1. Using the alpha carbons of region 4-129, what is the convex hull volume per residue in cubic angstrom, as a whole number?
2. What FRET efficiency do you get for His33 and Val120 if R0 is 35 Å and r is their Cβ-Cβ distance, rounded to the nearest 0.05?
3. Can you give the convex hull volume per residue for the Cα atoms of the chain, as a whole number of Å³?
4. From the C-alpha coordinates alone, can you work out the Kirkwood hydrodynamic radius of region 135-240, in Å?
5. Fewest Cβ neighbours within 10 Å first, please rank Ile127, Ile193 accordingly.
6. So, with +1 on the Cβ of K and R and -1 on the Cβ of D and E, and no other charges, what is the size of the charge dipole of the chain about its Cα centre, to the nearest 20 debye?
7. What residue among Gly155, Leu202, Val178 has its Cα farthest toward the positive end of the dipole of region 135-240, where the charges are +1 on Lys, Arg and -1 on Asp, Glu, each on the Cβ?
8. Dipole of region 135-240, Cα-centred, from +1 at each Lys and Arg C-beta and -1 at each Asp and Glu C-beta, to the nearest 20 debye?
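Readers should treat all values here as calculations from the given coordinates under stated rules, not as data from a laboratory. Values in this document were obtained by computation on a predicted structure and should not be read as measured data. Neighbour counts are summed over all protein chains in view; Cβ atoms, including those assigned to glycine, are modelled from backbone coordinates with ideal geometry.
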Amino acid sequence: MADTRIHAAGTGAILFDAGLAVQPGDAWFDPDHWRTLGKLQAAAHAGRGHALFVETPVGDCVLRHYHRGGMVAPLLGDRYLWNGRERTRGFAEFRLLAELHGRDLPVPQPVAARYLRRGVHYTADLITRRIESARTLAECLRAGQLGEKLAARVGVLVARFHAARVDHADLNAHNVLVMPSGLALVDFDRGRIRRRDGDWRLGNLRRLRRSLLKLGACDRDEARLDREIWTPLMRAYESAMPT
């Protein structure tokens with residue numbers, strides 16, 4: 001697991017990889033900072049659309065600002081209830097990613113996380129290293145490239161995480177990355193390592209299947225989806241899971 005440090009200042013703190021050649025500061029979490037330097041590249045495929053590709057002094061990274069989803073999003077936006085430093089969204093995801101990366105699981109390497117506290121609420125950000133030459137599974141689907149072989153690879157990927165008891169809270173086609181060298185998972189907000197087996201694995205798989213249908217896989221024909229994508233995926237998943 002990576003050696004980390006925490007730099008606290010004012011109403012916030014930054015958690016970062018102690019091995020970095022340059023210590024991240026508050027400016028690293030400001031898109032306008034990178035835009036002014038001409039280092040802001042494009043929107044990234046992570047989270048709820050609030051992630052950006054940035055060229056940092058330690059390499060190409062993804063900057064993500066946490067935003068709420070669901071019914072509370074219009075009310076709270078990017079604010080979360082304060083419940084301690086280590087429970088902030090950015091710190092928690094940084095710690096989890098560092099653990100998973102240390103286990104050689106295919107996840108983005110965490111660089112830095114920050115929170116800013118405002119009374120009983122806080123906002124949070126996370127910077128991870130960019131996974132190069134990657135497309136999302138959703139992009140592959142739109143390009144007509146999600147077939148039996150890729151579906152089977154996704155099944156093996158999910159099985160690898162489930163075998164390690166990693167519960168991805170938002171397993172969907174946008175959070176599966178496809179590269180020439182393999183596949184990876186991103187966006188582990190609210191993810192966790194479980195102590196035991198359980199229905200959470202089935203919940204992950206159901207969420208992934210729903211996302212494929214929502215994105216129009218097999219023209220939203222469930223029988224065809226099961227035949228052409230989901231059955232190959234689940235066969236590969238079951239074969240890859242330890243007995």
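1. Dividing the Cα hull volume of region 4-129 by its residues yields 117 Å³.
2. 0.80
3. 142
4. Its Kirkwood hydrodynamic radius stands at 13.7 Å.
5. The order, fewest Cβ neighbours first, is Ile193, Ile127.
6. Result for the chain is approximately 600 debye, rounded to the nearest 20.
7. Farthest along the dipole direction, towards plus: Leu202.
8. About 300 debye.
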